[in-house]
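Here the structure comes first, spelled out in structure tokens, and everything after it is commentary.
Rule-based calculations on the coordinates, nothing more; no lab input. Computed from a prediction, not measured in an experiment: that's the story for all the values here. Counting neighbours? That spans all protein chains shown, and the Cβs are built from the backbone with ideal geometry, glycine included.
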Amino acid sequence: MRKSSMASKFLLDTNVFIAAVKTGRTDTTELLLHVLSGDKYRVIGNDVLLAEYRKYAERLNALDFYEFLRLRMEIVNPSRKEVLRLLPHFPPSQIADAVHAATCLKTGAILITNDRHFEKVAEEGLIKVWSISEAIRKILRR
């Protein structure tokens, strides 16, 4: 799906997806549906994120929601060099998070997450990170 280049770009971490599908209709669900609908926003992801979404979708019986999201996501995979640049900012067990941060760095996307592993790259100004509640406030104006 091609969206306007002027649209705000977001990468939605797996905890956003889990929160949106796990407990039924919540503010997080509304946030996800709002960002995925229309031309105002672009959802950016990578192959690693897509695999994580799929794993949780299977566990949470949310494959339809996964497909809805997958069809609206623009896949941008960072290069090995881009990931290696950000890898030192993450614990050794969080390679996937370095991939997500590198995707944001490459695309200028804002990462929406409640994962504290991203605080260091945000504090250093490498990427912009919003908490889920901050995204709800800013995007849904609540």
Exercise. Report, in order of residue number, the helices in the chain meeting two criteria: a C-alpha extent of 15 Å or more along the helix axis, and a mean Kyte-Doolittle hydropathy of at least -0.5; treat each whole DSSP H run as one helix.
Key: 95-107
Exercise. Rank-order 108-120, 75-87 by packing density, defined as the average count of other C-beta atoms within 10 Å over each peptide's residues, highest first.
Key: 108-120, 75-87
Exercise. Quote the relative contact order of segment 11-140 in percent (integer), defining contacts as alpha-carbon pairs under 8 Å separated by 6+ residues.
Key: 28 percent
Practice problem: Note down the magnitude of the dipole of segment 11-140 about its Cα centre, charges +1 on Lys and Arg C-beta and -1 on Asp and Glu C-beta and zero elsewhere, to the nearest 20 debye. | Solution: 120 debye
Quiz item: Contour minus end-to-end for Arg72 and Leu87, with contour as 0.36 nm per residue of separation and end-to-end as the Cα-Cα distance?
Solution: 2.6 nm
Practice problem: Mind checking the full-extension length gain between Lys22 and Arg54? Use 0.36 nm per residue of separation minus the Cα-Cα distance, one decimal, nm. | Solution: 10.1 nm
Practice problem: First select every other residue whose beta carbon is under 13 angstrom from the beta carbon of Lys106; then total the charges, Lys and Arg +1, Asp and Glu -1. | Solution: +2
Self-check item: Cα shape, segment 67-142, gyration tensor, a/c 1.5 rule
Solution: oblate
Quiz prompt | Label point distance in nm, Glu124-Asp47, each placed 7 Å from Cα along Cα→Cβ | solution = 2.6 nm
Quiz item: To the nearest 500 deg cm²/dmol, what mean residue ellipticity at 222 nm is calculated for the chain from DSSP H runs of n ≥ 4 alone, each contributing -39,500 (n - 2.57), summed and divided by the residues?
Solution: -15000 deg cm²/dmol
Quiz item: Of Leu33, Ala102, Val16, which is farthest along the charge dipole of the chain in the positive direction, counting Lys and Arg as +1 and Asp and Glu as -1 at C-beta?
Solution: Leu33
Quiz item: How would you classify the chain from its alpha-carbon gyration tensor, with a ≥ b ≥ c the square roots of the eigenvalues: rounded for a/c under 1.5, else prolate if a/b is greater than b/c, otherwise oblate?
Solution: rounded
Practice problem: Within the set of other residues whose C-beta is less than 10 Å from the C-beta of Ala20, count the net charge using Lys and Arg as +1 and Asp and Glu as -1. | Solution: 0
Self-check item: Linear extension gain, Asp39 paired with Asn61, 0.36 nm per residue minus alpha-carbon span
Solution: 5.1 nm
